[in-house]
Amino acid sequence: MNRNTVIYAVLAVLTFIGLFALGYRIGKNIISAKVAPAPDYQAPAVLSLSPAQAVVAGTPLIFSFSIPDNLNITEPVLYYAIDLEQEQEAIPEIVEGKVTFTIDTDLDAQYISYYFTYISDGIEYRFPETETIHLELIPNIESLNPSDIDIEISELTEVISNNAIDVSVNISKQYDVSKVIWQYTYTDQWQELELFKDGESDFTGSLELNGSIPNFQYNFKIIANDKELLFPDIPLRLDTSNNPYFKELTDKITQIGESNGINLSVTYLDEQGNSFNYRGAALHDTLSTAKVMIMVETYRQLNEGIIKLSDPVSRFGYSGTVEGALRSMMHYSSNSASGALVKKVGGADNINSTIQSYLGDNTALHFDHTPIYQGQDGENTGWNTLTTDSMTTLIDLIAKGQVINEEVSSQMISLMSGCSDYFKIKSIAHSGEIAMKTGYQPTTHYALTVFIAGTDGRKYTLTIFAGKNSGTRQAIVKEIVELINEYHENGLI
C-alpha cells in the first residue's frame, strides 16, 4: 500500500464519521420535533385538559383550558376515539385565551380515548407524550336495557287480601340511580309516589288500594345523573287473569241460569282484555243481533263508495234510503228495513265475507237470512248463529275503532247508541255511554250485545243469550247486566 492510498483511506474514514455525527444531530432534532415533551411550566395548563367531572354517555364531552400568558400555543388539536372506533380530530373554539373542545357521544358509548397536540415556538408537542388517556363514561339511564331492571309487584290475590299494592324495583348499579318515582292511575288522573331507596340499587314502596283493580296502571320515572327516563313507555297493568271475582261472578250467573231453567250464555270483555264467560262457546240463534252484521257490511260498502246513504232501498214493504234503513234497523229493529239493506249489499255471502275478515273463516258468527224472512224472496233457509264469545269480540273491535276504520267504527257505535232500550238497562247506575243491539222472541228467547262506557271512563262489552221454550223472564237480561256492572263499577273486574 503506497502513501497516497493510506491518506485517501484516512480521509474517507474521517468523512464518514463527520457525516454520521451530522446525521445523528439532524435526526435527533427531527424526532424531538415530533414527540418533544412539554416544558415543566406548560404541564399545569395541559393537565387541566381533563374534564372536571365524570361524563354521562349521550351528553357532550367538554375539554377546556386557559393558555398562560407566557406560553405561545397554536394549532391545538384533540385526537379521540369512542369505543375503539376510528380516530377523529376535534378542532377547538378559542376565545380570549381559553381553548375549548366539544365532543358528542352516543347514548350507548362506554368510554373515550384521547390525546392532545399543539405547536409552541415552532415545535409540535403531544400530551401525554406517548400514551393515550382513557375516560370511562357513566351509562345513560336513557339507554336502559329492559334486562337491567327487575320489577316485582303484588299478585292480585295479595292485593285483594291486603287492600294494598307493594312494588320492588331493582336497577343495575352501573346506572347510579338516585331516585325512582312510581307513577300510577286508576282513571285518567296520574299520581306519584317516590320509592324508598333500600341499598345501592333497590327501591320499594306500597300503596293503599283506592280504586279499580283492573284499571290500575303504572310505570316509573327513573332519575340518574340529572337524566330522567320513563319506563316503560306503555304503562303496565296488574295481572288479573286469575281474578277470583270472575269465578264468584260466574257462580252467580250459573245459579241464575239453573234456577230459572234457561239456556244461558254470557261473555264479558273489557278494554284491557280482561274477560270471563259462562258457556261462551255455546251456539245460539242470533235473533235480531244479526243486524249488527248487516250494519258492518253496509258501512263497509259506504266507506268504499259502492253505495251511498242517499241510495233508495225497498223490500218486504219497506221503502226509503240506505240512511233511513240503517236507522230503522238499528234503532227500532225493523226486519223489513234489514231485508232492504241485505238486498242492497248483495246478500249473505258479502256479509259473511266481511265478518270473517275480522273474526276468521271459522267464526261461529254467521249470517244466513233476514230475521223472520227465512226462505222468502230468495232468502236462505238456514240459521243465523252466534256464540256470545264471537259477538262480544266483534263489538269490542268496533268499540276500539278497528272495524273498517276508526271514523266508521265511531259512526257504528253512535248508531247503536240509539237502539230502543227493550231491556231497560240505560237506567243502570253509573253507566255512561251505552251502545247496543237487542234481540227477542217474547216469552222464549232474548239476546243482547252491548258496549258500556262507565262514568269513570272504563269500558267493556257484554253479550247475553237467555232462553227456553216458554216462560223466560225478560227481566233476567237486565238482572245479569246489573250484576256484572256492579262488579265492574266497584273495581272488582
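The values are calculated or read from the model by the stated rules, or taken from the named source; none is laboratory data. As the structure is a computational prediction, the values presented were derived from the model and not from experiment. Methodologically, a virtual Cβ is constructed for each residue, glycine included, from the backbone with ideal geometry; neighbour enumeration extends over all protein chains shown.
Are any residues in the range 413-469 under 21 Å from GLN402 (Cα atoms) and of a type in the set (Val, Ile, Thr), and if so, which ones?
Listed by number, the residues that qualify are ILE413, ILE434, THR449, VAL450, ILE452, THR461, THR463.
Going by the structure shown, is LYS227 of a type in the set (Lys, Arg), touching a residue at least 60 places away in the same chain (Cβ under 8 Å) and assigned by TED's automatic domain parsing to the domain that holds THR385?
The answer is no for LYS227.
Within the range 250-257, does at least one residue satisfy the condition of being surrounded by fewer than 19 Cβ atoms within 10 Å (Cβ to Cβ), within 27 Å of TYR358 (Cβ to Cβ), touching a residue at least 40 places away in the same chain (Cβ under 8 Å) and assigned by TED's automatic domain parsing to the domain that holds ILE452?
No, that holds for no residue.
Listed residues ASP166, ASP108; which is acidic (Asp, Glu), in contact with a Gly (Cβ under 9 Å, 6 or more places away or on another chain) and assigned by TED's automatic domain parsing to the domain that holds GLY205?
ASP166
Which of the residues spanning the range 314-333 are crowded, with 20+ Cβ neighbours inside 10 Å and of a type in the set (S, T, N, Q)?
Once the filter is applied, which keeps residues that are crowded, with 20+ Cβ neighbours inside 10 Å and of a type in the set (S, T, N, Q), the range 314-333 yields only SER333.
Are any residues in the range 256-272 polar (S, T, N, Q) and touching an Asp or Glu at 6+ places or on another chain (Cβ under 6 Å), and if so, which ones?
Within the range 256-272, just THR267 meets the criteria.
Condition first: of a type in the set (Ser, Thr, Tyr) and loosely packed, with under 15 Cβ neighbours inside 10 Å. Now tell me which residues in the range 165-205 satisfy that.
Answer for the range 165-205, where residues must be of a type in the set (Ser, Thr, Tyr) and loosely packed, with under 15 Cβ neighbours inside 10 Å: SER178, THR187.
Can you tell me which of THR286, THR370, THR381 is over 21 Å from LYS400 (Cβ atoms) and surrounded by fewer than 17 Cβ atoms within 10 Å (Cβ to Cβ)?
THR381
Just checking, does the range 469-481 include any residue being modelled with pLDDT of 85 or more, of a type in the set (Gly, Ala, Ser), outside any strand (DSSP E or B) and surrounded by fewer than 19 Cβ atoms within 10 Å (Cβ to Cβ)?
yes
Here are the criteria: (1) modelled with pLDDT of 90 or more; (2) farther than 15 Å from GLU271 by Cα. Tell me which single one ASP396 does not satisfy.
Of everything listed in (1) modelled with pLDDT of 90 or more; (2) farther than 15 Å from GLU271 by Cα, ASP396 misses just condition (2).
I'd like the residue in the range 174-205 that is over 25 Å from the mean Cα position of the chain (by Cα) and in a strand (DSSP E or B) and, out of all such residues, is nearest to PRO232 (Cα to Cα).
ASP202
Among the residues of the range 269-277, are any at pLDDT below 95 and more than 27 Å from the chain's Cα centre (by Cα)?
yes
I'd like the full set of residues that are closer than 30 Å to ASP389 by Cβ and either assigned to a loop (DSSP other than H, G, I, E, B) or among the charged types (D, E, K, R) (or both), limited to the range 299-321.
If the condition is that a residue be closer than 30 Å to ASP389 by Cβ and either assigned to a loop (DSSP other than H, G, I, E, B) or among the charged types (D, E, K, R) (or both), then ARG300, GLU304 are the ones that fit.
Among the listed residues LEU236, LEU287, identify the single one that is over 30 Å from ARG473 (Cα atoms), among the aliphatic types (A, V, I, L, M) and touching a strand residue (DSSP E or B) at 6+ places or on another chain (Cβ under 7 Å).
LEU236
Select from the range 249-276 the residues that are more than 19 Å from ILE398 (Cβ to Cβ) and in contact with a Phe, Trp or Tyr (Cβ under 8 Å, 6 or more places away or on another chain) and list them in ascending order.
Correct list: LEU249, THR250, ILE253, THR254, GLY257, ASN263, LEU264, SER265, VAL266, PHE276.
Condition (residue is in a helix (DSSP H, G or I) and in the same structural domain as HIS331 (by TED's automatic domain parsing)) applied to the range 436-444: is it met by at least one residue?
No, the range 436-444 contains no residue that is in a helix (DSSP H, G or I) and in the same structural domain as HIS331 (by TED's automatic domain parsing).
Would you check if ASP239 is assigned to a loop (DSSP other than H, G, I, E, B), loosely packed, with under 15 Cβ neighbours inside 10 Å and under 20 Å from the mean Cα position of the chain (by Cα)?
yes
With respect to VAL296, determine if the residue is under 20 Å from MET436 (Cβ atoms), part of a helix (DSSP H, G or I), out of contact with any strand residue (DSSP E or B) (no Cβ under 7 Å at 6 or more places or on another chain) and assigned by TED's automatic domain parsing to the domain that holds ILE398.
It is true that VAL296 is under 20 Å from MET436 (Cβ atoms), part of a helix (DSSP H, G or I), out of contact with any strand residue (DSSP E or B) (no Cβ under 7 Å at 6 or more places or on another chain) and assigned by TED's automatic domain parsing to the domain that holds ILE398.
Could you say which residue among GLY261, GLY280, GLY305, GLY257 is over 29 Å from HIS331 (Cα atoms) and not basic (Lys, Arg)?
Just a single option satisfies the conditions, and that option is GLY261.
May I ask you to verify whether SER414 is assigned by TED's automatic domain parsing to the domain that holds THR363, assigned to a helix (DSSP H, G or I) and of a type outside the set (Phe, Trp, Tyr)?
Yes; evaluated as a whole, the condition is true for this residue.
What are the residues in the range 358-367 that are surrounded by 14 or more Cβ atoms within 10 Å (Cβ to Cβ) and without any contact (Cβ under 8 Å) to a residue 40 or more places away in the chain, if any?
Scanning the range 358-367 gives LEU359, THR363, HIS366.
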